[in-house]
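The values are calculated or read from the model by the stated rules, or taken from the named source; none is laboratory data. Keep in mind the model is a prediction, meaning the values are calculated, not measured. All Cβ positions, even for glycine, are placed from backbone atoms using ideal geometry, and neighbour counts span all protein chains on display. The accessibility values were calculated without ligands, DNA or RNA, using every heavy atom of the protein model including side chains. Shrake-Rupley method; radii C 1.70, N 1.55, O 1.52, S 1.80 Å.
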Amino acid sequence: MMGSLKEALSIERSRLFVGRKTELAYMQNWLEQQRAPTEVVFISGMGGIGKTALLLQFLNMAQDENMLCIWLDGRVCTETPAGFLEYLHSFLFRKSSFTASSKPSMLEIVTAMTRKRTLLCIDNYEHLQRIEGWLREVFLPELSATGLIVVLASRQDVAINWQNDLAWGTRVRQMNLSPISQLEAQDFYLNIGLANRPEIERLVYETKGLPLAMALSAETAMLTNIGEQTFKWPVSRLVSAELLREVARSDLQEILDVLCILPQANTELLNRVLGGHFTTLQLHQLSQLSFVRPTMDGFALHDVAREHLYQDFLQREPVRYQTLRLRIVEDACRQLKKAAVNDKKRIAADLLSICRDSFYMGSISLMSSNTISITMESFRNEDLPHLHRLITEEGQMAIPLESNAKIHQLLDALAEQFPEAIRVFRSAAGIPLTFIAGVLLYRETFAFLEPFIPHVLDCCLPLEANSIKQLPHEEADTYYQLLGASTSSDPDYTYYELNGILLTDTLSLNSAVG
């Protein structure tokens, strides 16, 4: 009997995967234990280093053991407990009668995840750090103490809060990925049938052990007469828009244009926007590109690839870029009018991403188009003195308090009780340059805020306040911004740019959760 395409793709990924022997051995050892303890594994490393590829290998290994395997992309999951549960419910119960108007039961999800050994993979985990405390203290403790392994992949090393938690400390593992060795790179080219070519040694050297660059160079080599090329690339061309487009068929170029504007797109959306009907063969070819990732609801570009293609499209064909973006915006607005509540949140977040370069103060762009290198991160304890200094020197924003002393008291209390509420952008030296603080509103945070802003929430939310006072954490879906400040004396970033970074982070959250 012929195997499925899913099985064929799994076999092919395993054949082409090289290196990471220590990481694979760790997973194999865990799988072989009869009652393996529940653990959380952090995978970190720069863009293109192979985090997602390693996750896929873990997924294949777990599937071979008949485990329940769950894949979640932090970029397309609403950054609230309610949004996280909705995403999990959609994954676990795809054929159920669940609708957006009902709330997924955490008990139902926990029950499904404790019936058998489970692997939960969260790619791009840095996009879910606002709910990290809830994941660590509320959701995961409801699951089994054995037979669960959670793998969190992100660019930054974000394991510190888990390691500092005495209860979790022994259950946390870190995998900081480095470039693979030259010998492993040669094995990769051998596996795809290119190792005997004299030019491969130069490819091995110039791709610097970065799996994404290696995959792109291999795809280019397979499409061209490698014997006639010198491959004397500058470092900047290891991953470039030119190289990305070279490896894609001409009939896929328009799809790449849409995907560099949108965070993700399914076939229905692509057909609406581009006015075409893409064949199964085309979509299969699209999924085979090393920089395209299948998602639960379509396709998305690798972050590094998306940034290169976005900047190239914007500079190379500005008129066509604006025309296509307008078409996408108009389509999103039409869908927004008829969408269910939870779909409205996703579409609103997509609209903000699409229009990120349209926010100006005078002639100054407030929202950076480079979403990869300029992002806010989670609070660290050593940030606190710098945040107090920013409030003192630059003033506070968001809510008025009766005195400066009260502002500093609120910041200290947030840092102690709700550290996930604080987001920070730091200089290259690690010094905070701007920050924003806001809480998800539910029973505990409502009570926390009342001494600082008595009766304010009742006035701001007259219809919702009473229900929020009783709301459990997992059902919360509204953020309330409290504090924020940016320095005006940094040599690398202007005050407007820093406030733009803050605005990007704040609006992307609020557009997604309401």
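Some observations on this one:
- Of the residues GLN282, GLN311, the single one that is among the polar types (S, T, N, Q), open to solvent by 20 Å² or more (accessible area, probe 1.4 Å) and closer than 24 Å to THR504 by Cα is GLN311.
- Residues satisfying the stated conditions in the stretch 264-285, i.e. under 22 Å from the mean Cα position of the chain (by Cα) and either small (Gly, Ala, Ser) or at pLDDT below 80 (or both): ALA265
- Of all residues in the stretch 70-81, those being assigned to a strand (DSSP E or B) and open to solvent by 20 Å² or more (accessible area, probe 1.4 Å) number 1.
- Criterion: in contact with a Lys or Arg (Cβ under 6 Å, 6 or more places away or on another chain) and under 24 Å from ARG171 (Cα atoms) - qualifying residue of LEU85, LEU54: LEU54
- Looking across the stretch 254-279, the residues that are farther than 20 Å from ASP350 by Cβ and either touching a His at 6+ places or on another chain (Cβ under 6 Å) or surrounded by fewer than 13 Cβ atoms within 10 Å (Cβ to Cβ) (or both) come down to HIS277, THR279.
- Among residues of the stretch 454-471 that are without any contact (Cβ under 8 Å) to a residue 40 or more places away in the chain, those with a Cβ under 6 angstrom from a residue that is in a loop (DSSP other than H, G, I, E, B) and surrounded by 14 or more Cβ atoms within 10 Å (Cβ to Cβ), sequence gap 6+ or separate chain, pair up as ILE468/LEU441; LEU471/TYR442.
- The single residue among LYS232, LYS208 that is modelled with pLDDT of 65 or more, open to solvent by 70 Å² or more (accessible area, probe 1.4 Å) and in a loop (DSSP other than H, G, I, E, B) turns out to be LYS208.
- Condition met for LEU256 (part of a helix (DSSP H, G or I), at pLDDT 75 or above and within 24 Å of the chain's Cα centre (by Cα)): yes
- Pairing each residue of the stretch 49-68 that is closer than 19 Å to LEU216 by Cβ with any residue that is open to solvent by 40 Å² or more (accessible area, probe 1.4 Å), provided the two are 6+ apart or on different chains, yields C-beta distances under 6 Å for LEU56/ARG13.
- Taken over the stretch 49-66, the residue count meeting the criterion of being in contact with a helix residue (DSSP H, G or I) (Cβ under 8 Å, 6 or more places away or on another chain), outside any helix (DSSP H, G or I) and open to solvent by 10 Å² or more (accessible area, probe 1.4 Å) is 2.
- Test: residue in the stretch 428-439 that is more than 26 Å from LEU128 (Cβ to Cβ) and either in a loop (DSSP other than H, G, I, E, B) or open to solvent by 70 Å² or more (accessible area, probe 1.4 Å) (or both): yes
- Some residue of the stretch 171-178 being part of a helix (DSSP H, G or I) and touching a strand residue (DSSP E or B) at 6+ places or on another chain (Cβ under 8 Å): yes
- Under the condition of being assigned to a loop (DSSP other than H, G, I, E, B) and open to solvent by less than 10 Å² (accessible area, probe 1.4 Å), the residues counted in the stretch 20-37 number 1.
- In the stretch 429-443, the residues that are under 16 Å from SER486 (Cα atoms) and aliphatic (A, V, I, L, M): ILE431, LEU433, ILE436, ALA437
- Residue count for the stretch 285-308, restricted to those that are under 21 Å from LEU324 (Cβ atoms), assigned to a helix (DSSP H, G or I) and open to solvent by less than 30 Å² (accessible area, probe 1.4 Å): 3
- Residues satisfying the stated conditions in the stretch 129-145, i.e. of a type in the set (Asp, Glu) and open to solvent by 20 Å² or more (accessible area, probe 1.4 Å): GLU137, GLU142
- Number of residues in the stretch 82-94 that are in contact with a Leu (Cβ under 8 Å, 6 or more places away or on another chain) and either open to solvent by 10 Å² or more (accessible area, probe 1.4 Å) or in a loop (DSSP other than H, G, I, E, B) (or both): the value is 2.
- Here MET397 does not qualify as modelled with pLDDT under 90, closer than 21 Å to THR494 by Cβ, touching a Lys or Arg at 6+ places or on another chain (Cβ under 7 Å) and not polar (S, T, N, Q).
- Applying the set (1) open to solvent by less than 30 Å² (accessible area, probe 1.4 Å); (2) within 18 Å of GLY74 (Cα to Cα) to THR118 leaves exactly one unmet item: (2).
- Failed condition for LEU148, given (1) at pLDDT below 85; (2) in contact with a Ser or Thr (Cβ under 9 Å, 6 or more places away or on another chain); (3) buried (at least 19 other Cβ atoms within 10 Å of the Cβ): (1)
- Selection within the stretch 342-368 - at pLDDT below 65 and either of a type in the set (Asp, Glu) or surrounded by fewer than 14 Cβ atoms within 10 Å (Cβ to Cβ) (or both): ASP357, SER358, TYR360, MET361, GLY362, SER363, ILE364
- Qualifying residue in the stretch 478-488 (condition: in contact with a helix residue (DSSP H, G or I) (Cβ under 9 Å, 6 or more places away or on another chain), open to solvent by 30 Å² or more (accessible area, probe 1.4 Å) and in a helix (DSSP H, G or I)): no
Yes/no per residue for (1) in a loop (DSSP other than H, G, I, E, B); (2) within 21 Å of LEU55 (Cβ to Cβ):
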position	(1), (2)
LEU107	no, no
LYS116	yes, yes
LEU120	no, yes
HIS127	no, yes
GLU132	no, yes
LEU135	no, yes
PHE139	no, yes
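- Screening LEU457 against (1) under 30 Å from ALA429 (Cα atoms); (2) open to solvent by less than 50 Å² (accessible area, probe 1.4 Å) leaves a single unmet condition, (1).
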